[in-house]
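Here the structure is laid out as structure tokens; the discussion comes afterwards.
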Amino acid sequence: MSKKFFVTTPIYYINDLPHIGHAYATFAADILIRYHKLLGEKTLLLTGSDENSQKTLDAAKKRGVTVEDYSSGMVANWQSTWGKLQIADGEFKFVRTTNIDHAKFVQDFFQKIYDNGYIEEGVYEGLYCVGHEAFIKESDLDESGVCPDHKTKPQLLKEKNYFFKLKDFSKQLLELYSKNPDFILPTERRNEVVSFVRSGLENISISREGSSWGIKVPFDQNQVIYVWFDALLSYYSTTSKEFWPADVHIIGKDILRFHAVIWPAMLLAAGFENYLPKKIFAHGFFTITGTKISKSLGNAIDPIKVSEEFGLDTLRYFLFKELPFGHDGDFSLERLREIYNSDLANGLGNLVSRVAKLAESLDLTGVRENKTPLFDSTFRIHLDKLEFHQALEYIWKKIKDADKKLESTKPWELVKTDKEAAAAIVENLILQVIEIQELLLPFIPDTAEKIRLQFSKSKIKSTKPLFPRK
Ligand code: MSP
């Protein structure tokens, strides 16, 4: 039986259209899927829509449409975005939290935790931020009493709720982190979570009273299940058990506690200890030309537009080369153009076109089948740790090495005196290009495929540049 690989992106809220921040995590998942697929594994990429949120209702109301119409329109938009961005070659699973099977799974899970004694009734008195869909503290607010991220006043709640006994899992969580040092990556994020849990957990409210929107608590029709409890379960609710547990959850750093603390505790409470995810990777945030992505500023970048202008592979390359995965960074079109010219046009594109031209002039045959094993150990280590930036640097070092070899051996001059020696050098360079092409497959698949086609023909021919200078 072949190995399986299951990666998830966050299940996105649909009160907005997908922007570059969402595409970032989804491309990262796609890189992993392509890589594991090439290793011969059975793969699954799960993404979806987190619909049972107050935000969905508010957005529908604002547009004067029913929530069902609003949601199905937005979902179609998100799905078509992932299709246009060629996520997982179109073979991803998209879960909707309004799906009936999902709701049933969530209710059964809630019941199981209740039966296991980890849910109790209580009264929640405090603040709730709809933007975050989270219970927040006075100390989270800014001086004027609003949520610093959403600039909105939190709701003041006093209501009967069901509470999840998160506190009971402190010890098991700390054991989980210490036994699995790569459970939360990058390491700084892991340390943050460990000290958060060490500082003492509180039981958390996992239901809301009197709301009409959401999945009902199975034994109390007056309560709906807290949207995060519902959303986290979407990773498993409609996926086949053969893929469990998730190999990697890719998330942004803002939603780390939900994933690294609450989610494993929920699984432990339900007796799902065999299905704890293997890894949670929290990436950083990026700004757009120095400013925060915000609806009011209208500076959200549409990934489809950028890919139409510069090419999908350029966007993919830029996102993972420019911003080390896990760090914060800035996205600017000016920088994208610079990187395009330096790394893609002058770096990769130039090497490929020079080698192809030389091969054509020497009448060389392409490589039909590469004998070397796919992906060397350094590259594998980088991808297993989601070190995309380092993996790309590793490939670009190979490009530079091949360039240096070209410059030092000058086969275009050597050919005048020793054609055979020149051909031997170029044949070697072709093998180097093929090696680079294979390493590029998970990152820039269309370009890698073009190079493969060009260098596997019975007669290698030069073609138009892969990346014309802009
Ligand atoms: N619905 C929840 C996730 C539930 S997962 C069980 C959610 N949705 S979201 O649509 O608000 O955000 C999805 C992801 O987008 C988050 O991981 C967040 O970090 C990411 N990003 C939103 N803005 C971003 C940037 N400016 N930069 C990078 N990623 C950003 O949270």
_Net charge of Cβ neighbours under 11 Å - reference Lys385; Lys, Arg +1; Asp, Glu -1_ = -1
_Cα gyration tensor shape for segment 4-297, rounded if a/c is under 1.5, else prolate or oblate_ = rounded
*Unit charges at the beta carbon, dipole of the chain: most positive-side option, Gly311, Ser80, Thr417*: Thr417
*With a sphere of radius 14 Å drawn around the Cβ of Ala76, what net charge do the other residues whose Cβ falls strictly inside it have (Lys, Arg +1; Asp, Glu -1)?*
-1
*Quickly rank 67-76, 430-439 as a protection proxy: mean count of other C-beta atoms within 10 Å, highest first.*
430-439, 67-76
*asked:* Testing the spin-label approximation: label points 7 Å from Cα along Cα→Cβ at Ser178 and Asp16. State their distance in nm.
replied: 4.0
*With contacts defined as alpha carbon pairs under 8 Å and 6 or more residues apart, what's the relative contact order of the chain in percent?*
15
_Please report the antiparallel percentage of the DSSP beta bridges confined to the chain, to the nearest 5._
45
*asked:* In segment 422-470, if the dipole is taken from +1 on Lys/Arg beta carbons and -1 on Asp/Glu beta carbons about the Cα centre, which of Pro465, Phe443, Ile430 is farthest to the positive end?
replied: Pro465
*In segment 332-455, carbon and sulfur make up what percent of the accessible area (probe 1.4 Å)?*
51
*How many nm is it between the label spots at Glu308 and Ile100, if each spot is 7 Å from the Cα in line with the beta carbon?*
3.8
*What ranking, highest mean first, results for peptides 332-340, 446-454 when packing means the other Cβ atoms within 10 Å averaged over each residue?*
446-454, 332-340
_Heavy atoms of Tyr124: accessible area, 1.4 Å probe, square angstrom to 10_ = 30
*asked:* Please state the shape class of segment 124-219: rounded when a/c is under 1.5, otherwise prolate if a/b exceeds b/c and oblate if not, all from the C-alpha gyration tensor.
replied: oblate
_Positive end of the dipole of segment 299-434, charges at C-beta (+1 Lys, Arg; -1 Asp, Glu), about the Cα centre: which of Ala402, Gly326, Thr378 has its Cα farthest in that direction?_
Ala402
*the chain, accessible area per residue, ligands and nucleic acids excluded (1.4 Å, Å²)*: 45
*If we sort 158-166, 186-194, 457-465 on the protection proxy, mean other Cβ atoms within 10 Å, highest first, what's the order?*
158-166, 186-194, 457-465
_Coil-residue trypsin sites (Lys or Arg not before Pro) of segment 206-278, DSSP, other Cβ within 10 Å capped at 14_ = Lys278
*Extension gain Glu360-Glu188, at 0.36 nm per residue separation less the Cα-Cα distance, in nm?*
56.9 nm
*Would you rank Glu175, Glu387, Glu309, Glu369 by solvent-accessible area, highest first, keeping every protein chain in place and using a 1.4 Å probe?*
Glu369, Glu309, Glu175, Glu387
*Counting each DSSP H run of 4 or more residues in the chain as -39500 (n - 2.57), what helix-only mean residue ellipticity at 222 nm follows after dividing by all residues, to the nearest 500 deg cm²/dmol?*
-14000 deg cm²/dmol
*Give me the number: length gained by fully extending Lys400 to Glu159, i.e. 0.36 nm times residue separation minus the C-alpha to C-alpha distance, one decimal in nm.*
80.4 nm
*Show which lysines lie in cross-link reach of Lys4 when reach means a straight Cα distance below 27 angstrom and same-chain residues fewer than eight apart are skipped.*
Lys37, Lys42, Lys84, Lys93, Lys104, Lys179, Lys241, Lys253, Lys278, Lys279, Lys371, Lys385
*Label-to-label distance, nm, for residues given as Gln221 and Lys410 (7 Å Cα→Cβ offset)*: 8.9
*Is the shape of segment 224-378 rounded, prolate or oblate, going by the alpha carbon gyration tensor and its root eigenvalues a ≥ b ≥ c, with a/c under 1.5 for rounded and a/b larger than b/c for prolate?*
oblate
_Proximal charge balance of Ser353 [Cβ under 14 Å; K/R count +1, D/E count -1]_ = +4
_Full-extension gain in nm, Asn274 to Lys171, via 0.36 nm per residue minus C-alpha separation_ = 35.3 nm
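The values are calculated or read from the model by the stated rules, or taken from the named source; none is laboratory data. None of these values were measured; they are calculated from a predicted model. Backbone-built Cβ (ideal geometry, glycine too); neighbour counts: all protein chains shown. Ligands, DNA and RNA are stripped out before the accessible areas are found, and what is left, the full protein with its side chains, is counted by its heavy atoms. Shrake-Rupley method; radii C 1.70, N 1.55, O 1.52, S 1.80 Å.
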